[in-house]
Amino acid sequence: MELSRLFLSDTCFFSPPIRYSHSPALSTFFAVNLRINRLRRRTFYSASNNDTLIAGGGPAVAGAGEKHEEDLKSWMHKHGLSPCKVVLKDKPCHNDPHKPIHYVAASQDLQVGDVAFSVPNSLVVTLERVLGNETVAELLTTNKLSELACLALYLMYEKKQGKKSFWYPYIRELDRQRGRGQLSVESPLLWSKSELDYLSGSPIKDEVIERVEAIRKEYNELDTVWFMAGSLFQQYPYDIPTEAFSFEIFKQAFAAIQSCVVHLQKVSLARRFALVPLGPPLLSYQSNCKAMLTAVDDAVELAVDRPYKAGDPIVVWCGPQPNSKLLINYGFVDENNSNDRLIVEAALDTEDPQYQDKRIVAQRNGKLSVQVFRVYSGKEREGLLDMLPYLRLGYVSDPSEMQSVISSQGPVCPVSPCMERAVLDQLADYFKTRLAGYPTTLAEDESMLTDGNLNPKKRVATQFVRLEKKMLHACLHATTDFINQLPDHSISPCPAPYAPLLK
């Protein structure tokens, strides 16, 4: 299986690509090396390359020689991992032809605060190791070059060395995982066009497409990374990344690194992003967990935040991420995620003659002319109450009323019954429109999830849109309650030639 597959798995956030300009001398030297490379190249590394560790294309079934391979944990103990309190176990994958994924489980009973394992820095991959020079690492990251691209490129080159690579056992383990998270599903970044249709109606579908394009921009910058990174340049002076690896291979590697990378705290910039064997994706993420991989002295350790029985899977905190990030980064959603949220973007109408005055009032109250509101799961009513003053501001049309608003010291607008009805009607129509954009209803989603043979990708996509719809229904219900609390239901909504725009 090719390196691309190896890595199929915010906490990684998505770093933007850089725009790098060479000096004339550097550009000339780089161009000469590019020409030399093209003359000397013999092989383009593709999916059929013999460097692949597990055969791609079909089910990943262990070969005759693989059963004798040294396992990840044994390799780590040989290279400095101290005795630990975890073990790797198999998790069967239903409706998946590939080998079971591994997960880290307690090898004995654990109590809160126990250190489950401590991985020495010599077994941790960071930018400091990849780029060979911390100063260069900081320079590249300061210029907004994606740390993920650097890490992906490094392991792609290491993959080409096969068993000669020091990291071979770790790469083989990532190959086995195929980037599948705890639900045995890859990131939507790697789904086909037809599989992305499972997310139709949700803003996440466009977000995935935009993210793939951003990865493509990163890919186009790979040659710059290769040239600037001394360790890579010395070891592979004639293997230009964009000629050695196709975009599809890089995208899969990038998605895997995104799902595996750990954000270490209180370390230098060059060590902030780390790949830790025994870390993700072997550890499961959970939004209500507080345990984190932590840099201590010359190691990265995990102290558990809850008691475990021997055999229990170990979980870690994934950060305050909504389900959209969990799905894109790790291929799963959390049914009990208190950080899950809807995004509602409201904008003042720029055609409004009083637009500038309204913009000033909005800024005075900590809002922008285009304002993003986050409505959290279980707190939909509070989210709407935060939005209403902004929407009321957009509905003010009388100049004298606008002057009264400008002279006031708070986010209070004069609210007539007809204006309040217009504001609430606009909100209700907005939530109804979003719900109508899905190809299935909430009830149909819930019925679909009772099917034990449902395709894993379709299952996780259905779980995601179901949770999104539940929040939209809660918002619509809260809006309807506000309407029912109006003193006079016979009043028609006020006309609003410059109502705020919602998207």
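Table: residues versus (1) acidic (Asp, Glu); (2) under 30 Å from residue 462 (Cβ atoms); (3) modelled with pLDDT of 95 or more.
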{"site": "288", "(1), (2), (3)": "no, yes, no"}
{"site": "317", "(1), (2), (3)": "no, yes, no"}
{"site": "328", "(1), (2), (3)": "no, yes, no"}
{"site": "344", "(1), (2), (3)": "no, yes, yes"}
{"site": "352", "(1), (2), (3)": "yes, no, no"}
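Give the residue that is farthest from the chain's Cα centre (by Cα), with candidates limited to residues of region 418-448 that are acidic (Asp, Glu) and closer than 19 Å to residue 203 by Cβ. In this case the residue turns out to be 429. Take the residues in region 166-179 that are assigned to a loop (DSSP other than H, G, I, E, B) and either aliphatic (A, V, I, L, M) or open to solvent by less than 10 Å² (accessible area, probe 1.4 Å) (or both); name whichever of them is modelled with the lowest pLDDT. Among them, the one singled out is 179.
Residue count for region 300-318, restricted to those that are of a type in the set (Val, Ile, Thr) and either open to solvent by 60 Å² or more (accessible area, probe 1.4 Å) or in contact with a Cys (Cβ under 7 Å, 6 or more places away or on another chain) (or both): 2. Hey, among 300, 267, 333, which residue is in contact with a strand residue (DSSP E or B) (Cβ under 6 Å, 6 or more places away or on another chain), over 27 Å from residue 107 (Cβ atoms) and β-branched (Val, Ile, Thr)? So the residue among 300, 267, 333 that is in contact with a strand residue (DSSP E or B) (Cβ under 6 Å, 6 or more places away or on another chain), over 27 Å from residue 107 (Cβ atoms) and β-branched (Val, Ile, Thr) is 267.
Residues being at pLDDT below 95 and under 26 Å from residue 339 (Cβ atoms) are entirely absent from region 425-445.
With respect to being in contact with a helix residue (DSSP H, G or I) (Cβ under 9 Å, 6 or more places away or on another chain) and of a type in the set (Val, Ile, Thr), residue 372 falls outside the description.
Go through the residues of region 198-206 one by one and say whether even a single one is of a type in the set (A, V, I, L, M), closer than 25 Å to residue 321 by Cβ and at pLDDT below 95. If you could, list the steps in order and put the result at the bottom.
Here is the first cut: in region 198-206, the residues of a type in the set (A, V, I, L, M) are 199, 204.
Next cut, closer than 25 Å to residue 321 by Cβ only: 199, 204.
Subset that is at pLDDT below 95: none.
The answer is no, given that none of the residues of region 198-206 is of a type in the set (A, V, I, L, M), closer than 25 Å to residue 321 by Cβ and at pLDDT below 95.
For region 384-407, the criterion of being open to solvent by less than 20 Å² (accessible area, probe 1.4 Å), out of contact with any Gly (no Cβ under 6 Å at 6 or more places or on another chain) and not in a helix (DSSP H, G or I) is met by at least one residue.
Among the numbered conditions (1) at pLDDT below 60; (2) surrounded by 12 or more Cβ atoms within 10 Å (Cβ to Cβ); (3) under 28 Å from the mean Cα position of the chain (by Cα), the only one that residue 66 does not meet is (3). Residues considered: 217, 144. Of these, the only one that is open to solvent by 30 Å² or more (accessible area, probe 1.4 Å), outside any helix (DSSP H, G or I) and modelled with pLDDT under 90 is 144. Scanning region 285-299 for residues that are of a type in the set (Ser, Thr, Tyr) and open to solvent by 40 Å² or more (accessible area, probe 1.4 Å) yields one hit, 294. Being more than 30 Å from residue 395 (Cα to Cα) and in a loop (DSSP other than H, G, I, E, B) is the requirement here; does residue 282 meet it? So residue 282 fits the description; yes.
Only one residue in 81, 72 is touching a helix residue (DSSP H, G or I) at 6+ places or on another chain (Cβ under 6 Å), within 22 Å of residue 167 (Cβ to Cβ) and either open to solvent by less than 60 Å² (accessible area, probe 1.4 Å) or at pLDDT below 90 (or both). Which one? Give the steps one after another, and end with the answer.
Values: 81 fails: touching a helix residue (DSSP H, G or I) at 6+ places or on another chain (Cβ under 6 Å).
The conditions single out 72.
Scanning region 319-377 for residues that are within 30 Å of residue 285 (Cβ to Cβ), open to solvent by 40 Å² or more (accessible area, probe 1.4 Å) and part of a strand (DSSP E or B) yields 341, 343, 345, 372, 374, 376.
The values are calculated or read from the model by the stated rules, or taken from the named source; none is laboratory data. Please read all numbers here as calculations on a predicted model, not as lab measurements. Note that we place each Cβ from the backbone using ideal geometry, even for glycine, and neighbour counts take in every protein chain shown. In case anyone asks, the SASA skips ligands and DNA or RNA and just uses the protein heavy atoms, side chains included. Shrake-Rupley method; radii C 1.70, N 1.55, O 1.52, S 1.80 Å.
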